[in-house]
Amino acid sequence: VGSNVDDDGYVPVIAGGARCNEKDIEIAWEAVKGAKRPRISTFIATSEIHMKHKLKKTKEEVLDVACRMVKFARSLGCDDVQFITEDAVRFNYSFLF
């Protein structure tokens, strides 16, 4: 699928999902880098409850991790990096903007 080109020229994006940590991102990149249009979709919890209890991180720490991991994914050679806010419906988006 990742190297197919449809008759109309469409090439599918093949994404590997990864938590915001280097090991997961490296594994995702290895899995999709052979596709014509590879993507890494990296995510981290962003609701107040998950940041506090699951990650034990402040908003600032979560932002720092998210930024560093997107940059890390790009440094591997992935030009298409998507950032996803896990559990985002339970938080105020303003701190991400």
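The values are calculated or read from the model by the stated rules, or taken from the named source; none is laboratory data. For clarity, every value in this text was computed on a predicted model and none was experimentally measured. Methodologically, a virtual Cβ is constructed for each residue, glycine included, from the backbone with ideal geometry; neighbour enumeration extends over all protein chains shown. When the accessible area is computed, the model is the full protein with side chains, heavy atoms only, and any ligands, DNA or RNA have been set aside. Shrake-Rupley method; radii C 1.70, N 1.55, O 1.52, S 1.80 Å.
Quick notes
- Accessible heavy-atom area order of 3, 41, highest first, probe of 1.4 Å: 3, 41
- Share of carbon and sulfur in the accessible heavy-atom surface of the chain [1.4 Å probe, %]: 51
- Selected from 20, 78, 67 as most flexible by GNM, with the chain as the system and alpha-carbon contacts under 10 Å: 67
- Across segment 50-56, coupling constants 3J(HN,Hα) worked out from phi with the 6.51/-1.76/1.60 Karplus curve, θ = phi - 60°, read 6, 4, 6, 9, 7, 8, 6 Hz, and Gly and Pro carry x.
- Candidate values (1) 5.9; (2) 7.0; (3) 8.4, label of the one derived for mean projected area of the Cα convex hull in nm²: (2)
- Reachable lysines, given that their alpha-carbon falls under 29 Å from the alpha-carbon of residue 56 and they are not under 8 places away in the same chain: 23, 71
- Axis of helix 59-75 versus longest Cα principal axis of the chain: the two differ by about 20°, to the nearest ten degrees.
- Extension gain for the segment residue 48 to residue 36, taken as residue separation times 0.36 nm less the Cα-Cα distance, is 0.6 nm to one decimal.
- Straight Cα distances below 13 angstrom link residue 59 to the aspartates and glutamates 48, with same-chain residues fewer than 8 positions distant left out.
- In range of the label at residue 68: residues from segment 1-26 whose backbone nitrogen is under 20 Å from the point 7 Å along Cα→Cβ: 18-26
- For residue 36, residues with placed amide H under 5 Å, excluding near neighbours: 3
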